[in-house]
Amino acid sequence: MAVDLVMNDVMGEVRDGGVHGTVAAGFEPVRDAFVRNFGERGERGAAVTVYRDGQQVVNLWGGTKDVDGDLGAGDAPWEPATAQIVRSATKGVAAAALLLLHQRGMLELDAPVGDYWPEFKARGKERVLVRHVLAHRAGVPALDRPLTPAEALDPDLAAAVVAAQAPAWEPGEDHGYHAQTYSWLTGELVRRVTGRPVGEWIAAEIARPLGLDLWVGLPQAEAARVGRLGRINPPTAPGGLRVRPKRNVSEAYEDPASLTRRAFGAIDPPPDENDAAYRAAALPASNAVATADGLARFYAALIGEVPGGRRLFTPETVALARTEASAGPDRVLVVSTRFGLGYMLHGAASPLLSPTSFGHPGRGGALGFADPESGLAFGYVTNGMNKGVTADPRAQALVRALREAA
(Lines give C-alpha, C1' and ligand atoms only; values in the text may rest on other atoms or scores of the structure.)
Protein backbone atom coordinates (compact mmCIF):
# COMPACT_ATOMS: atom_id res chain seq x y z
CA MET A 1 0.00 0.00 0.00
CA ALA A 2 1.78 3.14 -1.17
CA VAL A 3 1.92 6.05 1.24
CA ASP A 4 2.62 9.63 0.19
CA LEU A 5 4.54 11.11 3.13
CA VAL A 6 5.38 14.78 3.20
CA MET A 7 7.50 15.82 6.17
CA ASN A 8 7.90 19.23 7.74
CA ASP A 9 10.22 20.04 10.62
CA VAL A 10 8.26 18.05 13.18
CA MET A 11 5.31 16.17 11.79
CA GLY A 12 4.48 14.45 8.54
CA GLU A 13 1.08 14.12 6.94
CA VAL A 14 -0.18 10.71 5.81
CA ARG A 15 -2.76 10.43 3.04
CA ASP A 16 -3.46 7.02 1.59
CA GLY A 17 -7.04 6.49 0.53
CA GLY A 18 -8.98 6.69 3.77
CA VAL A 19 -5.94 7.07 6.06
CA HIS A 20 -4.94 10.54 7.26
CA GLY A 21 -2.97 12.17 10.00
CA THR A 22 0.46 13.12 11.24
CA VAL A 23 3.55 11.32 12.49
CA ALA A 24 6.76 12.70 13.94
CA ALA A 25 10.03 11.66 12.36
CA GLY A 26 11.02 8.24 13.67
CA PHE A 27 7.45 7.06 14.25
CA GLU A 28 6.83 6.00 10.65
CA PRO A 29 6.58 2.29 11.66
CA VAL A 30 3.35 3.13 13.51
CA ARG A 31 1.97 4.79 10.40
CA ASP A 32 2.89 1.77 8.28
CA ALA A 33 1.30 -0.68 10.72
CA PHE A 34 -1.88 1.40 10.89
CA VAL A 35 -2.17 1.41 7.10
CA ARG A 36 -1.57 -2.36 6.95
CA ASN A 37 -4.35 -2.96 9.48
CA PHE A 38 -6.87 -1.87 6.85
CA GLY A 39 -5.46 -4.12 4.17
CA GLU A 40 -4.46 -7.16 6.23
CA ARG A 41 -6.48 -7.22 9.45
CA GLY A 42 -9.97 -6.19 8.41
CA GLU A 43 -9.93 -2.70 9.93
CA ARG A 44 -13.05 -0.69 9.04
CA GLY A 45 -12.68 2.59 10.92
CA ALA A 46 -10.10 3.46 13.56
CA ALA A 47 -7.65 5.95 15.00
CA VAL A 48 -4.37 5.79 16.92
CA THR A 49 -2.58 8.52 18.86
CA VAL A 50 0.75 8.50 20.68
CA TYR A 51 2.22 11.07 23.07
CA ARG A 52 5.86 11.28 24.06
CA ASP A 53 6.74 13.35 27.14
CA GLY A 54 3.34 15.03 26.94
CA GLN A 55 3.55 15.96 23.25
CA GLN A 56 1.56 14.33 20.48
CA VAL A 57 3.86 12.48 18.05
CA VAL A 58 1.37 10.25 16.21
CA ASN A 59 -2.22 11.09 15.26
CA LEU A 60 -3.73 8.86 12.58
CA TRP A 61 -7.25 8.02 11.54
CA GLY A 62 -8.90 6.25 8.65
CA GLY A 63 -11.79 4.28 7.24
CA THR A 64 -15.45 4.96 7.83
CA LYS A 65 -17.26 6.39 10.83
CA ASP A 66 -19.71 3.46 10.81
CA VAL A 67 -18.40 -0.10 10.83
CA ASP A 68 -20.65 -0.98 7.88
CA GLY A 69 -19.88 2.20 5.96
CA ASP A 70 -18.40 2.42 2.47
CA LEU A 71 -16.23 5.37 1.47
CA GLY A 72 -16.81 4.52 -2.18
CA ALA A 73 -20.54 4.92 -1.67
CA GLY A 74 -20.08 8.30 -0.04
CA ASP A 75 -20.59 7.19 3.58
CA ALA A 76 -19.13 9.36 6.33
CA PRO A 77 -15.39 8.94 6.82
CA TRP A 78 -13.71 8.64 10.20
CA GLU A 79 -12.59 12.16 11.11
CA PRO A 80 -10.21 13.56 13.76
CA ALA A 81 -13.14 14.24 16.09
CA THR A 82 -14.77 10.81 15.64
CA ALA A 83 -15.20 8.98 18.95
CA GLN A 84 -16.15 5.41 19.81
CA ILE A 85 -17.01 3.20 22.77
CA VAL A 86 -13.79 1.67 24.11
CA ARG A 87 -15.38 -1.08 26.22
CA SER A 88 -13.08 -2.25 29.03
CA ALA A 89 -10.45 0.36 28.26
CA THR A 90 -12.89 2.38 30.38
CA LYS A 91 -11.57 0.52 33.43
CA GLY A 92 -8.34 2.49 33.32
CA VAL A 93 -10.35 5.70 33.76
CA ALA A 94 -12.38 4.20 36.61
CA ALA A 95 -9.17 3.12 38.33
CA ALA A 96 -7.77 6.64 37.97
CA ALA A 97 -10.83 8.02 39.77
CA LEU A 98 -10.23 5.80 42.81
CA LEU A 99 -6.47 6.37 42.81
CA LEU A 100 -6.96 10.14 42.58
CA LEU A 101 -9.32 10.01 45.56
CA HIS A 102 -6.62 8.10 47.44
CA GLN A 103 -3.98 10.60 46.29
CA ARG A 104 -6.15 13.41 47.68
CA GLY A 105 -6.56 11.67 51.03
CA MET A 106 -10.24 10.87 50.55
CA LEU A 107 -10.03 7.08 50.12
CA GLU A 108 -7.86 4.52 51.90
CA LEU A 109 -6.74 1.58 49.81
CA ASP A 110 -6.49 -0.73 52.81
CA ALA A 111 -9.89 0.23 54.21
CA PRO A 112 -12.80 -2.20 53.83
CA VAL A 113 -15.19 -1.22 51.06
CA GLY A 114 -17.92 -1.46 53.69
CA ASP A 115 -16.44 1.53 55.56
CA TYR A 116 -17.64 3.69 52.66
CA TRP A 117 -20.55 1.53 51.50
CA PRO A 118 -22.04 -0.21 54.57
CA GLU A 119 -24.54 -2.32 52.60
CA PHE A 120 -21.64 -4.03 50.85
CA LYS A 121 -20.61 -5.88 54.04
CA ALA A 122 -23.27 -8.54 53.45
CA ARG A 123 -22.55 -12.26 52.95
CA GLY A 124 -18.87 -12.41 53.77
CA LYS A 125 -17.74 -9.31 51.90
CA GLU A 126 -16.79 -7.37 55.01
CA ARG A 127 -13.14 -8.33 54.29
CA VAL A 128 -13.11 -6.83 50.79
CA LEU A 129 -10.65 -3.93 50.73
CA VAL A 130 -10.60 -1.05 48.26
CA ARG A 131 -7.36 -2.38 46.82
CA HIS A 132 -9.07 -5.74 46.21
CA VAL A 133 -11.63 -3.97 44.00
CA LEU A 134 -8.88 -2.33 41.97
CA ALA A 135 -6.90 -5.57 41.56
CA HIS A 136 -9.88 -7.82 40.68
CA ARG A 137 -9.60 -9.68 43.99
CA ALA A 138 -13.00 -8.73 45.48
CA GLY A 139 -14.56 -12.09 44.57
CA VAL A 140 -17.72 -10.75 42.95
CA PRO A 141 -17.13 -10.95 39.18
CA ALA A 142 -20.55 -12.52 38.57
CA LEU A 143 -24.12 -12.16 39.82
CA ASP A 144 -26.50 -14.93 40.84
CA ARG A 145 -29.13 -13.16 38.76
CA PRO A 146 -27.87 -11.17 35.79
CA LEU A 147 -29.17 -7.65 35.37
CA THR A 148 -31.24 -6.68 32.36
CA PRO A 149 -29.78 -3.84 30.27
CA ALA A 150 -32.32 -1.44 31.80
CA GLU A 151 -31.42 -2.54 35.33
CA ALA A 152 -27.70 -2.24 34.59
CA LEU A 153 -28.15 1.43 33.74
CA ASP A 154 -29.79 2.15 37.11
CA PRO A 155 -26.86 2.79 39.49
CA ASP A 156 -28.96 2.46 42.65
CA LEU A 157 -30.47 -0.88 41.69
CA ALA A 158 -27.24 -2.31 40.31
CA ALA A 159 -25.23 -1.29 43.38
CA ALA A 160 -27.83 -2.92 45.64
CA VAL A 161 -27.60 -6.20 43.69
CA VAL A 162 -23.80 -6.21 43.91
CA ALA A 163 -23.93 -5.41 47.63
CA ALA A 164 -26.19 -8.42 48.20
CA GLN A 165 -24.01 -10.83 46.19
CA ALA A 166 -22.01 -13.55 47.94
CA PRO A 167 -18.36 -13.75 46.83
CA ALA A 168 -17.23 -16.54 44.53
CA TRP A 169 -13.99 -16.95 46.51
CA GLU A 170 -12.50 -15.69 49.74
CA PRO A 171 -11.94 -11.98 49.05
CA GLY A 172 -8.29 -11.12 48.61
CA GLU A 173 -7.19 -14.76 48.24
CA ASP A 174 -7.37 -14.99 44.43
CA HIS A 175 -8.12 -12.88 41.39
CA GLY A 176 -10.54 -13.01 38.48
CA TYR A 177 -11.50 -10.34 35.99
CA HIS A 178 -14.57 -8.37 37.11
CA ALA A 179 -15.71 -7.70 33.55
CA GLN A 180 -19.05 -6.02 34.30
CA THR A 181 -19.33 -5.71 38.08
CA TYR A 182 -16.29 -3.41 38.07
CA SER A 183 -18.75 -0.70 36.94
CA TRP A 184 -20.83 -0.79 40.09
CA LEU A 185 -17.96 -1.51 42.47
CA THR A 186 -15.92 1.50 41.34
CA GLY A 187 -18.87 3.73 40.54
CA GLU A 188 -20.51 3.27 43.92
CA LEU A 189 -17.24 3.90 45.76
CA VAL A 190 -16.82 7.19 43.90
CA ARG A 191 -20.39 8.16 44.68
CA ARG A 192 -20.14 7.23 48.37
CA VAL A 193 -16.88 9.14 48.83
CA THR A 194 -17.67 12.24 46.78
CA GLY A 195 -21.46 12.39 46.79
CA ARG A 196 -21.39 12.71 43.00
CA PRO A 197 -22.24 10.22 40.23
CA VAL A 198 -19.12 8.65 38.79
CA GLY A 199 -19.60 10.01 35.27
CA GLU A 200 -20.02 13.55 36.55
CA TRP A 201 -16.95 13.22 38.78
CA ILE A 202 -14.79 11.92 35.93
CA ALA A 203 -15.95 14.75 33.68
CA ALA A 204 -15.27 17.42 36.29
CA GLU A 205 -12.02 16.11 37.76
CA ILE A 206 -10.34 14.30 34.85
CA ALA A 207 -11.77 14.97 31.39
CA ARG A 208 -12.51 18.70 31.42
CA PRO A 209 -9.33 19.84 33.21
CA LEU A 210 -7.23 17.88 30.71
CA GLY A 211 -9.29 18.83 27.66
CA LEU A 212 -10.06 15.20 26.88
CA ASP A 213 -12.54 14.02 24.29
CA LEU A 214 -13.53 11.23 26.68
CA TRP A 215 -16.81 10.64 28.47
CA VAL A 216 -18.23 8.03 30.85
CA GLY A 217 -21.82 8.94 30.10
CA LEU A 218 -21.92 10.54 26.64
CA PRO A 219 -23.59 13.99 26.56
CA GLN A 220 -26.29 14.41 23.94
CA ALA A 221 -24.32 17.29 22.44
CA GLU A 222 -21.51 14.87 21.50
CA ALA A 223 -23.67 11.99 20.25
CA ALA A 224 -23.24 12.81 16.55
CA ARG A 225 -19.48 12.22 16.81
CA VAL A 226 -19.91 8.48 17.50
CA GLY A 227 -20.06 5.96 14.68
CA ARG A 228 -21.84 2.65 14.53
CA LEU A 229 -20.00 -0.22 16.25
CA GLY A 230 -20.10 -3.82 15.04
CA ARG A 231 -18.38 -7.21 14.78
CA ILE A 232 -15.86 -7.89 12.04
CA ASN A 233 -14.39 -11.15 10.79
CA PRO A 234 -10.85 -10.20 9.79
CA PRO A 235 -8.68 -12.37 7.59
CA THR A 236 -6.01 -14.39 9.32
CA ALA A 237 -2.82 -12.36 9.37
CA PRO A 238 0.59 -12.80 10.91
CA GLY A 239 1.43 -10.92 14.07
CA GLY A 240 -1.59 -11.47 16.29
CA LEU A 241 -1.16 -12.86 19.77
CA ARG A 242 -1.95 -16.55 20.03
CA VAL A 243 -2.38 -17.71 23.61
CA ARG A 244 -2.86 -21.49 23.76
CA PRO A 245 -3.70 -22.58 27.29
CA LYS A 246 -5.38 -25.90 27.97
CA ARG A 247 -8.67 -24.03 27.93
CA ASN A 248 -8.82 -20.51 26.52
CA VAL A 249 -11.27 -17.75 27.38
CA SER A 250 -13.36 -18.27 24.24
CA GLU A 251 -13.87 -21.94 25.08
CA ALA A 252 -14.67 -21.11 28.69
CA TYR A 253 -17.20 -18.54 27.51
CA GLU A 254 -19.09 -21.22 25.60
CA ASP A 255 -19.85 -23.00 28.91
CA PRO A 256 -22.95 -21.26 30.34
CA ALA A 257 -22.09 -22.45 33.86
CA SER A 258 -18.52 -21.15 33.80
CA LEU A 259 -17.45 -18.16 35.84
CA THR A 260 -16.18 -16.69 32.56
CA ARG A 261 -19.63 -16.73 30.97
CA ARG A 262 -21.31 -15.53 34.14
CA ALA A 263 -18.87 -12.64 34.59
CA PHE A 264 -19.21 -11.37 31.03
CA GLY A 265 -22.92 -12.12 31.18
CA ALA A 266 -23.67 -10.08 34.32
CA ILE A 267 -25.79 -7.99 31.95
CA ASP A 268 -28.12 -10.29 30.03
CA PRO A 269 -29.01 -10.00 27.23
CA PRO A 270 -25.94 -7.99 26.19
CA PRO A 271 -26.77 -4.30 25.84
CA ASP A 272 -27.00 -2.62 22.45
CA GLU A 273 -23.82 -0.53 22.40
CA ASN A 274 -25.21 1.57 19.53
CA ASP A 275 -28.20 2.61 21.63
CA ALA A 276 -28.19 6.26 22.69
CA ALA A 277 -29.43 5.43 26.19
CA TYR A 278 -26.58 2.97 26.73
CA ARG A 279 -23.97 5.47 25.59
CA ALA A 280 -25.47 8.18 27.81
CA ALA A 281 -25.30 6.01 30.94
CA ALA A 282 -22.20 5.78 33.12
CA LEU A 283 -20.77 2.25 33.26
CA PRO A 284 -17.12 2.73 34.26
CA ALA A 285 -16.24 -0.87 33.39
CA SER A 286 -17.33 -0.76 29.80
CA ASN A 287 -18.89 2.24 28.08
CA ALA A 288 -16.52 5.20 27.96
CA VAL A 289 -16.62 6.96 24.63
CA ALA A 290 -13.34 8.48 23.49
CA THR A 291 -11.24 9.62 20.61
CA ALA A 292 -7.82 8.03 20.24
CA ASP A 293 -6.34 11.36 21.27
CA GLY A 294 -8.55 11.51 24.35
CA LEU A 295 -7.43 8.06 25.46
CA ALA A 296 -3.74 8.68 24.75
CA ARG A 297 -3.75 12.13 26.37
CA PHE A 298 -5.39 10.63 29.47
CA TYR A 299 -2.51 8.16 29.84
CA ALA A 300 0.05 10.87 29.06
CA ALA A 301 -1.36 12.87 31.98
CA LEU A 302 -0.97 9.90 34.33
CA ILE A 303 2.80 9.89 33.93
CA GLY A 304 3.65 13.52 33.18
CA GLU A 305 2.44 16.93 32.16
CA VAL A 306 0.36 17.48 29.05
CA PRO A 307 -0.01 20.85 27.28
CA GLY A 308 -1.37 23.31 29.80
CA GLY A 309 0.93 22.02 32.52
CA ARG A 310 -1.51 19.52 33.99
CA ARG A 311 -0.90 15.97 35.18
CA LEU A 312 -3.00 13.52 37.20
CA PHE A 313 -0.78 11.12 39.14
CA THR A 314 2.13 11.81 41.42
CA PRO A 315 5.10 9.45 40.99
CA GLU A 316 3.89 7.61 44.11
CA THR A 317 0.48 7.01 42.54
CA VAL A 318 2.08 5.85 39.29
CA ALA A 319 3.96 3.28 41.37
CA LEU A 320 0.69 2.09 42.91
CA ALA A 321 -0.90 1.76 39.49
CA ARG A 322 1.88 -0.35 38.03
CA THR A 323 3.08 -2.43 41.00
CA GLU A 324 1.88 -6.01 40.63
CA ALA A 325 -1.10 -6.76 42.88
CA SER A 326 -2.49 -9.85 41.10
CA ALA A 327 -0.74 -12.44 38.96
CA GLY A 328 -1.26 -15.98 37.76
CA PRO A 329 -4.22 -17.97 36.42
CA ASP A 330 -7.25 -15.70 36.22
CA ARG A 331 -10.49 -17.31 37.40
CA VAL A 332 -12.45 -15.50 34.68
CA LEU A 333 -10.03 -14.98 31.79
CA VAL A 334 -8.51 -18.47 32.33
CA VAL A 335 -5.06 -17.42 31.09
CA SER A 336 -2.49 -15.94 33.47
CA THR A 337 -3.00 -12.21 33.92
CA ARG A 338 -1.13 -9.47 35.75
CA PHE A 339 -2.78 -6.44 37.36
CA GLY A 340 -1.52 -3.47 39.27
CA LEU A 341 -4.11 -1.38 41.09
CA GLY A 342 -6.69 -1.05 38.36
CA TYR A 343 -4.43 -1.58 35.38
CA MET A 344 -3.28 -4.55 33.36
CA LEU A 345 0.48 -4.95 33.32
CA HIS A 346 2.72 -6.11 30.50
CA GLY A 347 2.55 -9.87 30.05
CA ALA A 348 1.64 -12.69 27.69
CA ALA A 349 -2.11 -12.11 28.01
CA SER A 350 -1.86 -8.41 27.21
CA PRO A 351 1.50 -7.34 25.80
CA LEU A 352 2.19 -3.63 26.21
CA LEU A 353 5.26 -1.65 25.25
CA SER A 354 7.65 -2.80 27.99
CA PRO A 355 7.73 -4.24 31.51
CA THR A 356 7.15 -0.73 32.91
CA SER A 357 3.89 -0.23 30.97
CA PHE A 358 0.43 -0.18 32.50
CA GLY A 359 -2.94 0.28 30.85
CA HIS A 360 -6.10 -1.50 29.79
CA PRO A 361 -7.48 -3.14 26.65
CA GLY A 362 -11.11 -3.14 25.62
CA ARG A 363 -12.68 -6.41 24.53
CA GLY A 364 -12.70 -6.51 20.76
CA GLY A 365 -10.07 -3.90 20.00
CA ALA A 366 -9.43 -0.69 21.95
CA LEU A 367 -6.25 -0.18 23.96
CA GLY A 368 -4.74 2.55 26.09
CA PHE A 369 -1.54 2.52 28.12
CA ALA A 370 1.37 4.53 29.48
CA ASP A 371 5.02 3.61 29.66
CA PRO A 372 6.84 5.66 32.31
CA GLU A 373 10.31 4.54 31.23
CA SER A 374 10.00 5.89 27.68
CA GLY A 375 7.48 8.64 28.43
CA LEU A 376 5.13 7.22 25.80
CA ALA A 377 1.34 7.07 26.03
CA PHE A 378 -0.86 5.26 23.53
CA GLY A 379 -4.54 5.25 22.54
CA TYR A 380 -6.25 3.13 19.88
CA VAL A 381 -9.99 3.06 19.17
CA THR A 382 -11.95 1.20 16.50
CA ASN A 383 -15.51 0.56 15.36
CA GLY A 384 -14.77 -3.04 14.29
CA MET A 385 -14.98 -5.50 17.16
CA ASN A 386 -12.87 -8.66 17.02
CA LYS A 387 -13.58 -11.79 19.07
CA GLY A 388 -10.57 -11.50 21.38
CA VAL A 389 -10.57 -10.04 24.86
CA THR A 390 -7.12 -8.77 25.84
CA ALA A 391 -4.79 -8.68 22.82
CA ASP A 392 -6.36 -7.57 19.55
CA PRO A 393 -4.10 -8.26 16.52
CA ARG A 394 -4.55 -4.71 15.16
CA ALA A 395 -3.63 -3.08 18.45
CA GLN A 396 -0.73 -5.46 18.92
CA ALA A 397 0.63 -4.65 15.46
CA LEU A 398 0.63 -0.98 16.45
CA VAL A 399 2.33 -1.73 19.77
CA ARG A 400 5.09 -3.71 18.03
CA ALA A 401 5.58 -0.84 15.60
CA LEU A 402 5.78 1.65 18.45
CA ARG A 403 8.33 -0.56 20.18
CA GLU A 404 10.39 -0.50 16.98
CA ALA A 405 10.09 3.29 16.74
CA ALA A 406 10.87 3.85 20.43
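The values are calculated or read from the model by the stated rules, or taken from the named source; none is laboratory data. These numbers were taken from a predicted model, which means no experiment stands behind them. All Cβ positions, even for glycine, are placed from backbone atoms using ideal geometry, and neighbour counts span all protein chains on display.
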**Message:** Looking for something touching a Ser or Thr at 6+ places or on another chain (Cβ under 9 Å) and in a loop (DSSP other than H, G, I, E, B) - is there at least one such residue anywhere in the stretch 183-202?
**Reply:** no
**Prompt:** If you check Asp144, Asp154, Asp115, Asp174, which single one turns out to be of a type in the set (Asp, Glu), touching a residue at least 40 places away in the same chain (Cβ under 8 Å) and in the same structural domain as Gly265 (by TED's automatic domain parsing)?
**Reply:** Asp174
**Complete:** In the stretch 335-377, anything touching a Pro at 6+ places or on another chain (Cβ under 6 Å) and within 21 Å of Ala142 (Cα to Cα) is listed as Val335, Ser336
**Message:** Among the listed residues Thr181, Thr148, identify the single one that is of a type in the set (Ser, Thr, Tyr) and exposed (fewer than 15 other Cβ atoms within 10 Å of the Cβ).
**Reply:** Thr148
**Request:** Check Asp70, Asp32 and return the single one that is within 19 Å of Pro234 (Cα to Cα) and without any contact (Cβ under 8 Å) to a residue 60 or more places away in the chain.
**Result:** Asp70
**Message:** Looking only at the stretch 121-137, count every residue that is out of contact with any Phe, Trp or Tyr (no Cβ under 9 Å at 6 or more places or on another chain) and surrounded by 24 or more Cβ atoms within 10 Å (Cβ to Cβ) and tell me the total.
**Reply:** 2
**Item:** Subset tally (residues that are exposed (fewer than 15 other Cβ atoms within 10 Å of the Cβ), at pLDDT 95 or above, part of a helix (DSSP H, G or I) and not charged (D, E, K, R)) for the stretch 203-250
**Value:** 6
**Asked** In the stretch 298-311, how many are touching a Pro at 6+ places or on another chain (Cβ under 9 Å) and either under 17 Å from Val381 (Cβ atoms) or surrounded by fewer than 23 Cβ atoms within 10 Å (Cβ to Cβ) (or both)?
**Response** 3
**Item:** Some residue of the stretch 52-73 being crowded, with 19+ Cβ neighbours inside 10 Å, among the small types (Gly, Ala, Ser) and in contact with a Ser or Thr (Cβ under 6 Å, 6 or more places away or on another chain)
**Value:** no
**Fill in**
Quick count over the stretch 289-337, residues being over 22 Å from Val133 (Cβ atoms) and modelled with pLDDT of 95 or more, is 17
**In the stretch 346-359, residue nearest to the chain's Cα centre (by Cα) [restricted to those that are over 16 Å from Val335 (Cα atoms) and crowded, with 24+ Cβ neighbours inside 10 Å]** = Gly359
**Request:** Hey, can you tell me all the residues within the stretch 289-320 that are farther than 25 Å from Gln84 by Cα and of a type in the set (A, V, I, L, M, F, W, C)?
**Result:** Phe313, Val318, Ala319, Leu320
